[in-house]
Amino acid sequence: MPEKQFVLPEVLLGAIHRSNMLAMEVDLNMDFATKMEVAKQTILPEGKSLQDFTTTEQYRKIQQYALDSCGIRRKKFKRFSRLKPFFLSSLMLQEQLDKTKSYEIEFAKIAKAQRKNTMGLESIQAQMNTINTVSIADQVTMLLDMIEVPQSYDVMLTHYLDENLDQLYQDIVSESEAFPKFNEDFLDKRNKNWIPVMENQLEKENTFFAVGAGHLPGEKGVLNLLKLQGYTLIPIRLK
């Protein structure tokens with residue numbers, strides 16, 4: 001999130017405080033070896049760079065956008081170009097936004113300060129495996145789409161801040177319509193896998209669950225899947 005639009009309302013902080021466990025998509029409390037293994041998987045194979053997976057024109061377009069619109073220096077972009085396009089696009093967005101804050105990181109800090117236990121709804125390796133289902137060629141196409149329609153993030157951010165989950169979901173579906181398996185792999189399958197983990201945890205103790213907003217709405221979203229299991233959900237408006 002852009003730092004200036006990052007908020008942690010009291011109602012949210014209160015919910016965390018009353019919980020015994022913080023559960024996020026993945027547990028950020030990883031040992032050094034796991035962090036190194038994850039870092040390796042963000043890098044393109046065999047010492048290759050973005051140039052090896054793009055045409056001259058595609059590379060020029062991506063590099064120019066990084067330099068002109070994101071303010072990334074040429075030397076820094078050369079280092080970034082070793083990353084898989086999925087992760088490169090995320091870094092480019094962060095550079096473009098300048099100052100950002102992460103809910104995951106802030107939640108983890110709060111849990112540590114309050115000495116709460118933490119857990120993941122899936123392992124970091126499972127998340128990396130999901131990302132690896134998208135070919136490098138498709139990741140390049142997604143990166144180019146982001147460059148050609150840069151305002152898509154602003155639209156999503158507006159709907160997120162308005163708490164308009166249905167419209168946010170449509171934004172995601174629309175953005176990935178050229179890749180029909182994307183929503184199935186990144187949202188639907190993972191949502192379904194999380195439900196039994198959530199149910200098992202809810203039986204044990206009061207738990208604060210935090211997942212990406214795109215996982216919540218839709219027929220196959222977490223909210224509806226929990227309702228189908230008989231849970232009563234009461235929304236808490238943050239504003």
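The values are calculated or read from the model by the stated rules, or taken from the named source; none is laboratory data. If you're wondering where the values come from, they're calculated on a predicted model, not measured in any experiment. Virtual Cβ from ideal backbone geometry, glycine too; neighbours counted across all protein chains shown. Protein only, heavy atoms only, side chains kept; ligands, DNA and RNA dropped before computing areas. Shrake-Rupley method; radii C 1.70, N 1.55, O 1.52, S 1.80 Å.
Note on surface exposure: Lys116, Lys181, Lys75, Lys61 rank Lys75, Lys181, Lys61, Lys116 by accessible area, highest first, 1.4 Å probe. Taking each of Lys48/Lys76; Lys35/Lys84; Lys75/Lys99; Lys84/Lys220 in turn, the alpha-carbon distance tops 27 angstrom for Lys84/Lys220. With a/c under 1.5 counting as rounded, go ahead and sort the range 38-83 into rounded, prolate or oblate using the C-alpha gyration tensor (a ≥ b ≥ c being the square roots of the eigenvalues; past the cut-off, prolate if a/b is larger than b/c, else oblate). Oblate, because a/c is 1.5 or more while a/b does not exceed b/c. Once the Cα-Cα distance is subtracted from the 0.36 nm per residue extended length, the Ile43 to His17 segment shows a gain of 5.6 nm. Computed per residue of the chain from DSSP H runs no shorter than four, each worth -39500 (n - 2.57), the mean residue ellipticity at 222 nm is -16500 deg cm²/dmol.
Computed extension length for Leu161-Gln64: 31.9 nm, one decimal, from 0.36 nm per residue of separation with the Cα-Cα distance subtracted. Shape class for the range 93-141, computed from the alpha carbon gyration tensor (a ≥ b ≥ c): oblate, with a/c not under 1.5 and a/b at or below b/c.
Simple point charges give the picture: +1 on the Cβ of Lys and Arg, -1 on the Cβ of Asp and Glu, and for the range 90-182 a dipole about the Cα centre of about 780 debye. With the charge dipole of the chain set up from +1 on Lys and Arg Cβ and -1 on Asp and Glu Cβ about the Cα centre, the Cα lying farthest toward the positive end among the listed residues Leu83, Met36, Ser69 is that of Met36. Taking amide H atoms as placed 1.01 Å from N in the peptide plane, the amide H of Leu44 lies under 5 Å from those of Leu83, Lys84, each 5 or more residues away in sequence or on another chain. Run the paramagnetic zone check for Glu199: 7 angstrom along Cα to Cβ, then residues of the range 104-128 with backbone nitrogen under 18 Å. Under cut-off, by backbone N: 121-122. Rounded, prolate or oblate: which fits the range 1-133, taking a ≥ b ≥ c as square roots of the Cα gyration tensor eigenvalues, rounded meaning a/c under 1.5, else prolate when a/b beats b/c? Oblate is the answer for the range 1-133, as a/c is 1.5 or above yet b/c matches or exceeds a/b. Dipole magnitude for the chain: computed about the Cα centre from +1 point charges on Lys and Arg Cβ and -1 point charges on Asp and Glu Cβ, it is near 1000 debye. Where in the chain lies the longest segment free of GluC sites (Glu not before Pro) that are both loop residues by DSSP (not H, G, I, E, B) and have at most 14 other Cβ atoms within 10 Å? It runs 1-162. On the beta carbon distance between Gln151 and Tyr103, with R0 = 30 Å, the FRET formula returns roughly 0.85. In a DSSP loop and with at most 10 other Cβ atoms within 10 Å, the trypsin sites (Lys or Arg not before Pro) in the range 1-53 are Arg18.
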